[in-house]
1. For the stretch A:69-107, give me each residue that is buried (at least 24 other Cβ atoms within 10 Å of the Cβ) and more than 23 Å from residue A:155 (Cβ to Cβ).
2. Name the single residue that is farthest from the chain's Cα centre (by Cα) among those in the stretch A:163-198 being open to solvent by less than 10 Å² (accessible area, probe 1.4 Å) and among the β-branched types (Val, Ile, Thr).
3. Filter the stretch A:205-221 for residues that are more than 22 Å from the chain's Cα centre (by Cα) and among the aliphatic types (A, V, I, L, M) and give the result.
4. Does residue A:238 meet the test of being touching a Cys at 6+ places or on another chain (Cβ under 8 Å) and either under 20 Å from residue B:13 (Cα atoms) or more than 11 Å from chain B (Cβ to nearest Cβ) (or both)?
5. Only one of these is open to solvent by 10 Å² or more (accessible area, probe 1.4 Å), modelled with pLDDT of 95 or more and among the basic types (Lys, Arg): B:248, B:238. Name it.
6. Hey, could you check the stretch B:129-144 for residues that are within 16 Å of residue B:38 (Cα to Cα) and outside any strand (DSSP E or B) and say which is most open to solvent (accessible area, probe 1.4 Å)?
7. Look at residue A:36 and say whether it is over 30 Å from residue A:98 (Cβ atoms) and out of contact with any Cys (no Cβ under 9 Å at 6 or more places or on another chain).
8. Taking only the stretch B:26-59 into account, find how many residues are in contact with a helix residue (DSSP H, G or I) (Cβ under 8 Å, 6 or more places away or on another chain) and open to solvent by less than 10 Å² (accessible area, probe 1.4 Å).
There are 2 protein chains.
Amino acid sequence: MGSPVGLHRVREPAGVLPQAAWRLDARPEIEPDEVRLSVERLNLDAASFRQLTEAHGGDGDAVRDEVVKIVSERGKLHNPVTGSGGMLIGTVDEAGPASPLGLRPGDRVATLVSLTLTPLAVTDGLAGWDGRGEQAPARGHAILFARSAAAVLPDDLPATLALAVLDVCGAPALTARTVAAGRPVAVLGAAGKSGALSLAAARRAGAGRTVGVVPTAAERDRLVAAGLADEVVLADARDAVAVSEAVRGALGGEGAGVTVVCVDVPGCEHGAILATAGGGTVIFFSMATSFTAAALGAEGLAADVTMLIGNGYVPGHAAMALELVRTEAGVRRLIEARLQAD
Amino acid sequence: MGSPVGLHRVREPAGVLPQAAWRLDARPEIEPDEVRLSVERLNLDAASFRQLTEAHGGDGDAVRDEVVKIVSERGKLHNPVTGSGGMLIGTVDEAGPASPLGLRPGDRVATLVSLTLTPLAVTDGLAGWDGRGEQAPARGHAILFARSAAAVLPDDLPATLALAVLDVCGAPALTARTVAAGRPVAVLGAAGKSGALSLAAARRAGAGRTVGVVPTAAERDRLVAAGLADEVVLADARDAVAVSEAVRGALGGEGAGVTVVCVDVPGCEHGAILATAGGGTVIFFSMATSFTAAALGAEGLAADVTMLIGNGYVPGHAAMALELVRTEAGVRRLIEARLQAD
């Protein structure tokens, strides 16, 4: 039997959990409590894909080669610069008799744990991917531990849409849990996947006025058309003063009770803090968040705000996010538009 | 009049808050809402001092020279590697007529906002400091904005003790706010300044069983003698499995309701998450915390825990921490012992 959290797959350094490991053992043979998936598609997380694209000046072939190299060296898709990964779609190839995940051979699933801790081998050099979008068709295998999470893909949604939604499904679930009835909510990066889902979840959870912050007129128009926010405002999320003024302007001078950060670029901590009312909460979902910038920023602004590290796991998160995309036409339109743009 | 958050002191890049700036303007002339302090002593934060010491192989002169260089280049003591700073003691030299901080010339104060955003000039090359401890005697000046925070030093405590306590006073205040009555609390790095204060604060707030985790037998003996925890256990906080087993062992198999991370080394995120019960909360106070390691670690362990970025500002934090050190002999002994060891 393997370790439920995958300690037996850690190659180096010894003694750490798979996510902290430099290298995992991605051998295809499974322990009785493991599951092996046949990989169909990788979904790089936004921060990682953006970093790779910028590092290679937009050269898709170079991005692809680097992803192949990372997987080959580390036994997992774990971007060493951003520290982030993504998720994948695959089909259950073999489920150990002691696996508690309830999966059966042939089930088509999306992994709900990060690729940064999922043993992975790629066998086709990602030949079917041009390196220019977050979703990469792939052949190979991946391993799930006893304490992993995966969702069987729904029949009624396209796989690419389901994967995109499941990739960020922690955001709407944690937003819904955090929102207080009647209190205003601001979402930075509101026209993205996690932003749109978080806005919809906030409204369902009984939020007061909702404000979506976006960086461009095109995103503003799309978000207005989607009808997910009471107010849509334009601001660069890295410009702390501009963000704060935009949100407070939309809320009649008041700060947000909950501010949700879904912008995948560094430097958005201070704007989120300044936009939040005293006693309010900031939820950071962006993997580009700096812990010290947030901690010292709030202290330096003498801001009495609660700051949450966006945990990608909340019980029931996958079902909730899929339900939002089924029932909120605006969410679905926004996410499909982004997938087409990729 | 200056900007209340100090925007007028940002030299580069333009448009960011002082904490995010590469360089501040530390000119001594003040705006009507600013305060100028005559500096007496700098207190480097633990993560920064440790990084500098390791980078220079324990050479105190080299550490001192680098701190002088940082302040001279950046107009603030902002360690570019750790992103952290510290705080200072000084005397009010001039208080602008519009300053809301209530300080008067001659007041001896400690700053409660980070040195990473405090305009600072050092004029003595830190000649009185050997570079081997966190507290550096210094001559020069520093600037407080309208929206800063500073505490007048109490007459009944030595300045070095008060400074050490005020430096981490956010930790006990946020711990007290987070603890639920009767629920167990674990503190990693429990024999340090913030750890000891957090343990005492948790107990006062009505915590159930308290567990202190320390890395060495010497610290264990000191913490047992201080009488601040119901259980004291030995574990390397970077060894996730060891930490979890130690905490759960001390709690009869249960996880902690609140786990407080006060260890100033990287890699403690996973142990804290594993040591925490489902539905519980982890508070990260260490500036060495990795946002992505925490977010992806919790997701990868399918751990339903709330994770807080330790905000150094909580209303009333300074008074609460000073009161703890006055009334809890064990806390005072531990902190004084650490100061002597410096």
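The values are calculated or read from the model by the stated rules, or taken from the named source; none is laboratory data. Small disclaimer: the values here were computed from a predicted structure and weren't measured. Note that we place each Cβ from the backbone using ideal geometry, even for glycine, and neighbour counts take in every protein chain shown. Please note that ligands, DNA and RNA were not included when accessible areas were found on the heavy atoms of the full protein model with its side chains. Shrake-Rupley method; radii C 1.70, N 1.55, O 1.52, S 1.80 Å.
1. A:75, A:76, A:77, A:78, A:79, A:84, A:85, A:86
2. A:185
3. If the condition is that a residue be more than 22 Å from the chain's Cα centre (by Cα) and among the aliphatic types (A, V, I, L, M), then A:207, A:217, A:218 are the ones that fit.
4. Details: touching a Cys at 6+ places or on another chain (Cβ under 8 Å): yes; either under 20 Å from residue B:13 (Cα atoms) or more than 11 Å from chain B (Cβ to nearest Cβ) (or both): yes.
The answer is yes for residue A:238.
5. When all the criteria are applied, what remains is B:248.
6. Checking each candidate, the answer is B:139.
7. So residue A:36 does not fit the description; no.
8. 4
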